[in-house]
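K.L.:
For reference, the structure I am asking about is given below.
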Amino acid sequence: MTERHREVFLEARSLSRHFGGLAANSNVSVTLRRGEIHALLGPNGAGKSTFINMLSGDLPPSSGTILLKGEDVSGLPAHRRSRIGIGRSFQRTNIFPTFSVQENCVLAAQSRQQQPGKIFRPPLHNQAVVDRSHEVMALTGLAHCGSQIAGTLSHGEQRQLEIAMVLATNPIVLLLDEPLAGMGADESSRMVDLLARLRRDHAILLVEHDMDAVFALADVITVLVNGELLESGPPAQIKASPAVRSAYLGEDEEIDHV
Amino acid sequence: MARFFRTFPLIAALAVLLVFPMFGQIFYTELVAKTLILAIFAMSLDLLVGYTGLVSFGHAAYFGIAAYTVALLTPAGAVNSIWWILPVSVLAAALAALVIGVFVLRTKGIYFIMVTLAFAQMAFFLFHDTDLGGGSDGIFLNSKPTAHLFGHEILTFENPTHIYYLVLALTIFVYLSLRWLLKTSFGHILIGIRSNEHRMVAMGYNTFNYKLAIFTMAGGLAGLAGFLQVLLTGFVTPEMLAWHQSGNVLLVVILGGIGTLIGPVLGAFTFVALQEFAQGLVDRWQLVMGIFVILVVFALPGGLAAIPARVRRRLVKGAQHD
Ligand SMILES: Nc1ncnc2c1ncn2[C@@H]1O[C@H](COP(=O)(O)OP(=O)(O)OP(=O)(O)O)[C@@H](O)[C@H]1O
Ligand SMILES: [Mg+2]
């Protein structure tokens, strides 16, 4: 299918965010389509996490609009954005360390079922929620450690749980902030496989420093530098771009060896 | 087996409490009733502090508001039935918590502590500085409520032993209800908020609503304790809403063990026992209490409720060394 035919799930129109005098994002526009993985690249401090925070509702933009399936959602608080289908993962693992792996996933899945008749029951008595927790644990490779306390997982497994919890909320848009960071080779390749499979039904924004993964997965790449959109286009265009090369000076090797 | 060792002390304690009034003097029956009331009060605060991560420093307001509701709704000559005066006073406290909660729950951390305190002080001065409830002296309860069931008077609250059994029954009821509540998804959501509110929001929970719900429930339960307190003592004073009272109940929770239900009960017994003991010993009993609290906080993180687990760990370690 060509890009034109793919359904637009999320559209960010010239988002800006200032922290005092610092312009963390200036007029950044990005379109996320179903069936596409859109990679967001940029050096440290380029404003990638800030951009995700604005889309997820964690940070109010200084200006600009956010549309979900054509509807303006810029004014919605973070919990509402999650409920309409914008799911995010965090760059720094953000789980419930004293709960078991399954309890973490159950709590995430339960967020879609908050009717009083559903929450005043033991969590494991809600079959739909329990089923969803098993599904996402299986998808992310955590099926074997459901009863383990999340805080005792290895760093890589905690990253997997981070993704499992986002998936448990059944989002249509996935905003993933460095999902592969700190994963071992096996975990990392399983996650790459999973993202490739998730692409079909989701619109995915992927912030990632692992260039192998980015070029293996991305349909579109946008490069941010100092909060400004430097270039956006298909991987081949980005790889060949002199502007991107000079911005990544010193990281040239990483792009070259792909 | 482990389950037996965990429940056996509870059953034994319950048996002792059940027969206690038959042996002790009235003074002690009333003292234990007062302790159980403090235990209910402390459990209600622990819902906020221990389970949701909301350190309220104004919890006495709801205790006192329910107590004043009972006194003000009992004019001279009137005799109220407990079947309506109890729910009404509990609802009054819950309503106050709902309204105050809407404001205070918009703040976090140290600001939350200060704003809950400020609202409680406002309630204190409302009763202390106006004639609404007898001013700084407080007022006596004109008459105790009655408890009829099918035309029979089942309890007479002129009799402290009857109050004792009502308090004991309600303590057990509150303990079991909260144990159930905290094991539901609702309870897990509260613990999730305490542990990582940011992630809860990101997953789609409107945490404000949950915090308001538990703040209101905790206020209502504190109101139940306040109701029982007037029933026992027969009078209300503004001191019931004062910040000392809010501080004391916070101490009870910390002593007993934050984030457990048995902790506030253990804390209440320790607190009252210490108070009685130290009061007889020295004028400045608060000093003794202060030293004890400091000792517990440093020597026993997790409070008194953590003792069994520590002992068990010791025993296991000892067995391994042998
Ligand atoms: N809450 C904040 N307050 C002030 N400055 C902030 C805040 N959040 C981010 N910044 C600043 O905005 C800039 C962009 O930060 P951001 O975290 O978005 O970068 P990033 O591209 O995600 O970097 P990295 O690759 O290191 O994760 C940085 O200079 C950062 O210091
Ligand atoms: Mg970042």
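Every number in this text was worked out from the coordinates using simple rules, so none of it is lab data. The structure displayed is predicted, hence computed values, not measured ones. Cβ coordinates were reconstructed from backbone atoms using ideal geometry, including for glycine residues, and neighbour counts include every protein chain displayed.
K.L.:
With each label point set 7 Å from Cα along the Cα-Cβ vector, what nm distance links A:THR152 and A:ASP219?
P.N.:
Output for this residue pair reads 4.2 nm.
K.L.:
Oh, and also: Determine which residues of the range A:23-56 fall in the zone a paramagnetic label at A:ARG200 would reach in this model, i.e. backbone nitrogen under 16 Å from the point 7 Å along Cα→Cβ.
P.N.:
Counting backbone N atoms under 16 Å from the label point, the list is A:34-37.
K.L.:
Classify the range B:1-83: rounded, prolate or oblate, from the alpha-carbon gyration tensor (a ≥ b ≥ c, eigenvalue square roots; a/c under 1.5 rounded; otherwise prolate if a/b is larger than b/c)?
P.N.:
Working: a/c = 2.81, a/b = 1.26, b/c = 2.24.
Because a/c hits 1.5 or more and a/b fails to exceed b/c, the range B:1-83 counts as oblate.
K.L.:
Within a 10 angstrom radius of each residue's Cβ in A:120-126, how many Cβ atoms of other chains show up on average? Whole number is fine.
P.N.:
Values: counts 6, 4, 6, 7, 2, 2, 1.
Mean partner-chain Cβ count within 10 Å for A:120-126: 4.
K.L.:
Tell me, what is the Rg over Rh of chain B, with Rh the Kirkwood radius over Cα pairs?
P.N.:
Details: Rg = 20.2 Å, Rh = 20.6 Å.
Over the Cα atoms of chain B, Rg/Rh equals 0.98.
K.L.:
May I ask for the distance between the Cα centers of the range B:142-197 and the range A:1-78, given as a whole number of Å?
P.N.:
When both Cα centres are located, 51 Å separates them.
K.L.:
Still on this structure: Nearest 20 debye, what's the magnitude of the dipole of chain A about its Cα centre given +1 on Lys and Arg Cβ and -1 on Asp and Glu Cβ?
P.N.:
Working: 24 positive and 29 negative charges, 239 e Å.
With Lys and Arg at +1 and Asp and Glu at -1, about 1140 debye.
K.L.:
Continuing with this model, one more query. What are the extents of the Cα atoms of the range A:93-170 along their three principal axes, listed from largest to smallest and rounded to whole Å?
P.N.:
36, 22, 20
K.L.:
Once a ≥ b ≥ c are taken as the square roots of the eigenvalues of the Cα gyration tensor of the range B:71-157, is the result rounded (a/c under 1.5), prolate (a/b larger than b/c) or oblate (a/b not larger than b/c)? Don't jump to the answer; show the numbers that get you there.
P.N.:
Numbers: a/c = 3.83, a/b = 1.80, b/c = 2.14.
Taking the square roots of the gyration eigenvalues as a ≥ b ≥ c, the range B:71-157 is oblate.
K.L.:
Kindly rank B:12-19, B:297-304, B:149-156, B:250-257 from highest to lowest mean number of other beta carbons found within 10 Å of each residue.
P.N.:
Working: B:12-19: 11.6, B:297-304: 14.4, B:149-156: 9.6, B:250-257: 25.0.
Output ranking for B:12-19, B:297-304, B:149-156, B:250-257: B:250-257, B:297-304, B:12-19, B:149-156.
K.L.:
Lys and Arg at +1, Asp and Glu at -1: add these up for the other residues within a Cβ distance under 15 Å of A:VAL101 and post the number.
P.N.:
On the way: positive: A:ARG132, A:ARG159, B:ARG199; negative: A:GLU103, A:GLU135, A:GLU157, A:GLU162, A:GLU187.
Net of charged neighbours comes to -2.
K.L.:
Please compute the average number of Cβ atoms from other chains found within 10 Å of each residue's Cβ in peptide B:201-214.
P.N.:
Values: counts 10, 18, 17, 18, 9, 7, 1, 2, 2, 2, 0, 0, 1, 0.
That works out to 6 on average.
K.L.:
Would you kindly work out the equivalent ellipsoid of the range A:134-258 from its C-alpha gyration tensor and give its semi-axes, the square roots of five times the eigenvalues, largest first in whole Å?
P.N.:
Working: eigenvalues 179, 49, 30 Å².
For the range A:134-258, the semi-axes come out at 30, 16, 12 Å.
K.L.:
Determine the sum of side-chain charges near B:PRO301: Lys and Arg each +1, Asp and Glu each -1, restricted to other residues whose C-beta is under 14 angstrom from that of B:PRO301.
P.N.:
Working: positive: B:ARG310, B:ARG313; negative: none.
Residues near B:PRO301 contribute +2 overall.
K.L.:
Within 13 Å, Cβ to Cβ, of B:ASN248, how many net charges do the neighbouring residues add up to if Lys/Arg are +1 and Asp/Glu are -1?
P.N.:
Working: positive: B:LYS34; negative: B:GLU239.
Once all neighbours under 13 Å are counted, the net charge is 0.
K.L.:
Report for chain A the percent antiparallel among DSSP-assigned beta bridges with both residues inside it, nearest 5.
P.N.:
Working: 21 of 39 bridges.
About 55 percent, rounded to the nearest 5.
K.L.:
Further question: Per the helix-only calculation at 222 nm, which mean residue ellipticity applies to chain B, given -39500 (n - 2.57) for every DSSP H run of n ≥ 4 and division by its residues, nearest 500 deg cm²/dmol?
P.N.:
On the way: 12 runs with 233 residues, N = 322.
Result for chain B, helices only: -25000 deg cm²/dmol.
K.L.:
Of the beta bridges DSSP finds with both residues in the protein assembly as shown, what % are antiparallel, to the nearest 5?
P.N.:
Details: 27 of 46 bridges.
Close to 60 percent.
K.L.:
Right, next: Which value, in Å³ per residue, describes the convex hull spanned by the Cα atoms of the protein assembly as shown?
P.N.:
Per-residue hull volume (Cα only) is 216 Å³.
K.L.:
Here is a follow-up. What does the highest-first list of A:197-209, A:171-183 look like by mean Cβ count within 10 Å?
P.N.:
Numbers: A:197-209: 19.2, A:171-183: 21.8.
Highest mean packing first, the order is A:171-183, A:197-209.
K.L.:
Could you work out the helix-only [θ] at 222 nm for chain A, with each DSSP H run of four or more residues adding -39,500 (n - 2.57) and the total divided by the number of residues, to the nearest 500 deg cm²/dmol?
P.N.:
On the way: 11 runs with 94 residues, N = 258.
The helix contribution divided over chain A gives -10000 deg cm²/dmol.
K.L.:
Mind putting a number on the dipole of the protein assembly as shown about its Cα centre? Charges go on the C-beta only, +1 for Lys and Arg and -1 for Asp and Glu, and I need it in Debye to the nearest 20.
P.N.:
Numbers: 41 positive and 41 negative charges, 207 e Å.
Dipole magnitude for the protein assembly as shown comes out near 1000 debye.
K.L.:
Report the label-to-label distance for A:ILE84 and B:ILE291 in nanometres (one decimal), using points 7 Å from each Cα along the Cα→Cβ vector.
P.N.:
With each label point 7 Å from Cα toward Cβ, the separation is 6.3 nm.
K.L.:
What FRET efficiency do you get for B:HIS244 and B:PHE208 if R0 is 35 Å and r is their Cβ-Cβ distance, rounded to the nearest 0.05?
P.N.:
The computed FRET efficiency comes out at 0.70.
K.L.:
Residues of B:181-188, mean number of Cβ from any other protein chain within 10 Å of their own Cβ, rounded to a whole number? Numbers along the way, then the final one.
P.N.:
On the way: counts 1, 0, 4, 7, 15, 8, 4, 9.
Counting other chains' Cβ atoms within 10 Å and averaging over B:181-188 gives 6.
K.L.:
A further question follows. With all distinct Cα pairs included, what does the Kirkwood hydrodynamic radius of the range A:22-68 come out to in Å, to one decimal, could you say? Intermediate values should be presented prior to the final figure.
P.N.:
Values: mean 1/r = 0.0848 Å⁻¹.
Roughly 11.8 Å, rounded to one decimal.
K.L.:
Using the beta-carbon distance between A:ARG13 and A:ARG121 and R0 = 56 Å, what value does 1/(1 + (r/R0)^6) give for FRET efficiency, to the nearest 0.05? Each step should come with its number before you reach the end.
P.N.:
Values: r = 43 Å, r/R0 = 0.76.
Calculated value: 0.85.
K.L.:
Could you calculate the FRET efficiency of B:LEU91 with B:LEU176 from 1/(1 + (r/R0)^6), where r is the beta carbon distance between them and R0 is 30 Å, rounded to 0.05? It would help to have the intermediate numbers written out before the result.
P.N.:
Details: r = 22 Å, r/R0 = 0.72.
With R0 = 30 Å, the Cβ-Cβ based efficiency is 0.90.
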